[in-house]
Amino acid sequence: MSVSKEEVIKIAKLAKLKFSDEGISKLQKEMNRILEYIDTLNEIPELDKVEPLYSVNSSENVFRKDEPKQSISKEEALKNAPDKTENFFRVPKVIDK
Amino acid sequence: MKFSYRELRKKLDSGETSCREVVSSYLNKINERKHLNVFLSVFNEEALKKADEIDYKIKSGYAGRLAGMVISIKDVLSLKGKKMTCASKMLENFEAVYTATAVQRLIDEDVIIIGKTNCDEFAMGSSNENSAFGAVLNPADESRVAGGSSGGSAAAVAAEMCMISLGTDTGGSIRQPAAFCGVIGLKPTYGRVSRYGLTAFASSFDTIGPLGKDIYDIALVLEIMSGYDPRDSTSVSDVTDFKAEDIENIDLNNLRIGVVKEYLGEGLQPEIRDKIKEVIERLRDSGLIIKEVSLPYLKYSIQTYYILTTAEASSNLARYDGARYGYRSPDSGDVETMYINSRSEGFGEEVKRRIMLGTYVLSAGYYDAYYRKAQKVRRLIKNDFIKAFEEVDLLLTPSTPTTAFRIGEKTTDPLEMYLNDIFTTSANLAGNPAISIPVGWDKEKLPIGIQLTARDFDEKTALAAADYILRSEFT
């Protein structure tokens with residue numbers, strides 16, 4: 001499979017990244033070279049009979065009790081914020097008017 | 001400081017030396033070779049202050065099992081109150097608000113942390129050239145890469161800037177730089193060491209392990225880091241049986257070593273192949289059983305690895321949005337612009353490439369063709385290992401296809417760089433423990449590493465055999 005320039009632009013949008021025109025072309029070339037190598041997986045016969053492996057050491061979900069516990073403090077949570085008001089992360093306006 | 005921790009501890013206990021002296025000597029080394037770019041932060045005064053505390057503890061007779069061991073930690077591991085950059089502009093000013101479990105367990109036994117080591121950005125890379133703060137130079141030859149992603153950790157140990165360094169290994173990031181720098185590097189079984197406080201790259205692959213110069217040091221640090229942690233649901237509860245001293249009581253007679261047929265073919269530097277053969281002959285002469293084994297699906301490791309890890313990375317790195325922590329672009333007019341510009345300016349080229357690839361393989365219409373397919377091949381690779389370990393106790397392979405390459409040599413071709421991990425990614429795909437040990441040099445005096453892979457949670461056999469190999473003379 002190969003990826004088109006339009007697809008690279010679409011993927012960038014999904015990933016919330018932007019690239020110059022030149023960057024998109026370069027990525028397209030690199031991704032296609034990697035994907036071409038990845039496509040050698042298609043030569044493996046009868047892969048449809050194999051169960052996918054999700055985790056190497058357990059196949060069961062681990063649950064814990066839903067109990068309130070002390071985590072990091074509000075001050076700590078806000079410590080690395082690029083912008084904040086007293087108790088909140090501050091971001092650019094989301095909704096107009 | 002060439003001696004092991006056990007030797008050092010005797011000297012500390014007898015008063016022949018002090019933690020302060022030890023720390024000062026390492027700090028001098030760090031300063032002398034600053035240009036190697038090994039550390040992203042050094043805790044000068046704090047390490048000395050801690051040394052005094054531990055000196056007092058030793059005198060008082062209640063010091064921990066690692067008292068006076070000076071370690072460094074890779075800058076993707078959390079240490080409360082300290083910067084954790086992940087070698088990324090994205091987290092250049094980020095300060096950790098908690099400490100990683102693995103690190104805390106070592107602190108509880110009185111290690112002294114001297115600093116945080118350079119690495120590839122978010123641990124993505126095989127040469128340390130993807131660090132936003134510049135490449136680490138290989139102490140053995142400064143025109144060469146130290147390997148990656150734990151390049152700073154390997155170089156710190158090689159250049160004697162600390163005794164042990166904690167690295168992380170998602171596809172070879174401990175073992176490959178260990179091989180390039182001529183030190184020991186252990187990737188534990190997935191689930192043995194808690195990942196809490198390790199910045200996530202590919203969560204079903206990521207592990208934390210030690211790099212050092214002495215097998216017993218490595219074993220001791222592993223023992224103390226091991227065990228269940230309620231904060232990591234993939235950490236396993238029944239691994240505390242491992243004791244460092246066990247490795248000295250393992251009978252290596254009749255141990256079966258598997259030589260992987262597929263791994264000694266084309267593309268392997270001839271001197272590395274010769275070294276492997278030399279090791280095999282020595283082991284055979286010593287009464288170990290050498291068997292050729294075949295793991296036919298290993299040739300699909302890199303392909304499978306890059307589908308699954310980029311997919312996991314694209315998901316894990318979605319958290320860097322410029323809103324709550326990390327870099328926010330000055331050009332953040334509205335929320336969408338903030339997301340896009342912060343991520344585009346904050347991440348480096350390789351990280352963005354992997355996010356793109358990962359987003360692609362997970363996107364609608366491609367999930368079955370790539371992601372699901374790769375999960376199936378992951379099972380075939382796991383089965384290959386399970387089958388091989390029915391016949392043998394350990395697998396002996398190269399750690400890397402070549403010795404350390406030149407800085408800049410492979411940066412133009414991402415696939416070429418990825419192929420460097422050809423011998424190491426399989427252990428992360430299958431979860432098995434694997435260790436790289438230095439066994440000599442090539443004709444350019446660059447270190448050669450070989451890798452031993454063991455059954456799940458059987459680090460002790462790998463460590464015992466590694467110890468045995470290291471004790472024999474190599475030139």
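Odds and ends about this structure:
- Any pair with Cβ under 7 angstrom, 6 or more apart, that starts in segment B:460-473 at a residue that is open to solvent by 10 Å² or more (accessible area, probe 1.4 Å) and ends at one that is assigned to a helix (DSSP H, G or I): B:460/B:246; B:460/B:247; B:467/B:215; B:467/B:247; B:470/B:215; B:472/B:282
- Test: residue B:41 is surrounded by 14 or more Cβ atoms within 10 Å (Cβ to Cβ), farther than 22 Å from residue B:219 by Cα, touching a residue at least 24 places away in the same chain (Cβ under 8 Å) and hydroxyl-bearing (Ser, Thr, Tyr): yes
- Check on residue B:428, within 9 Å of chain A (Cβ to nearest Cβ), open to solvent by less than 10 Å² (accessible area, probe 1.4 Å), within 16 Å of residue B:126 (Cα to Cα) and out of contact with any His (no Cβ under 8 Å at 6 or more places or on another chain): yes
Here is a yes/no grid of residues against (1) charged (D, E, K, R); (2) more than 21 Å from residue B:307 (Cβ to Cβ); (3) modelled with pLDDT of 95 or more:
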| position | (1), (2), (3) |
| --- | --- |
| B:200 | no, no, yes |
| B:203 | no, no, yes |
| B:214 | yes, yes, yes |
| B:220 | no, yes, yes |
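- Selection count, segment B:46-62, where residues are of a type in the set (Gly, Ala, Ser) and open to solvent by 10 Å² or more (accessible area, probe 1.4 Å): 2
- Leading residue by the ranking (surrounded by the fewest Cβ atoms within 10 Å (Cβ to Cβ)) among those in segment B:367-381 that are basic (Lys, Arg) and within 25 Å of the chain's Cα centre (by Cα): B:379
- Exactly one residue out of B:290, B:257, B:272 is open to solvent by 10 Å² or more (accessible area, probe 1.4 Å), aliphatic (A, V, I, L, M) and more than 14 Å from every other protein chain (Cβ to nearest Cβ), and it is B:290.
- The number of residues in segment B:100-147 being of a type in the set (D, E, K, R), under 17 Å from the mean Cα position of the chain (by Cα) and over 28 Å from residue A:72 (Cβ atoms) comes to 1.
- Taken together, the residues in segment B:296-349 that are assigned to a loop (DSSP other than H, G, I, E, B) and crowded, with 22+ Cβ neighbours inside 10 Å amount to 6.
- Residue that is farthest from the other protein chains (Cβ to nearest Cβ) [pool: residues in segment B:63-98 that are of a type in the set (S, T, N, Q), part of a loop (DSSP other than H, G, I, E, B) and buried (at least 20 other Cβ atoms within 10 Å of the Cβ)]: B:88
- Unmet requirement for residue B:241, which otherwise passes all of (1) part of a helix (DSSP H, G or I); (2) without any contact (Cβ under 8 Å) to a residue 24 or more places away in the chain: (1)
- Screening segment B:383-416 for residues that are open to solvent by 20 Å² or more (accessible area, probe 1.4 Å) and assigned to a helix (DSSP H, G or I) and picking the one that is farthest from the other protein chains (Cβ to nearest Cβ) gives B:391.
- Restricting the search to strands (runs of 3 or more DSSP E) fully inside segment B:161-238 and requiring at least 2 residues that are among the hydroxyl-bearing types (Ser, Thr, Tyr) gives B:164-169.
- Beta carbons closer than 7 Å, at least 6 apart along the sequence or on distinct chains, pair a first residue in segment B:197-214 that is farther than 16 Å from residue B:313 by Cα and open to solvent by 20 Å² or more (accessible area, probe 1.4 Å) with a second that is assigned to a loop (DSSP other than H, G, I, E, B) and not hydroxyl-bearing (Ser, Thr, Tyr) for B:213/B:183.
- Test: residue in segment B:217-239 that is farther than 19 Å from residue B:192 by Cα and open to solvent by 30 Å² or more (accessible area, probe 1.4 Å): no
- Residues (more than 7 Å from chain A (Cβ to nearest Cβ) and either under 22 Å from the mean Cα position of the chain (by Cα) or small (Gly, Ala, Ser) (or both)) located in segment B:350-366: B:350, B:351, B:354, B:358, B:364, B:365
The values are calculated or read from the model by the stated rules, or taken from the named source; none is laboratory data. This is a predicted model, so every value here is computed, not measured. Cβ: placed from backbone, ideal geometry, glycine included. Neighbour counts: every protein chain shown. Protein only, heavy atoms only, side chains kept; ligands, DNA and RNA dropped before computing areas. Shrake-Rupley method; radii C 1.70, N 1.55, O 1.52, S 1.80 Å.
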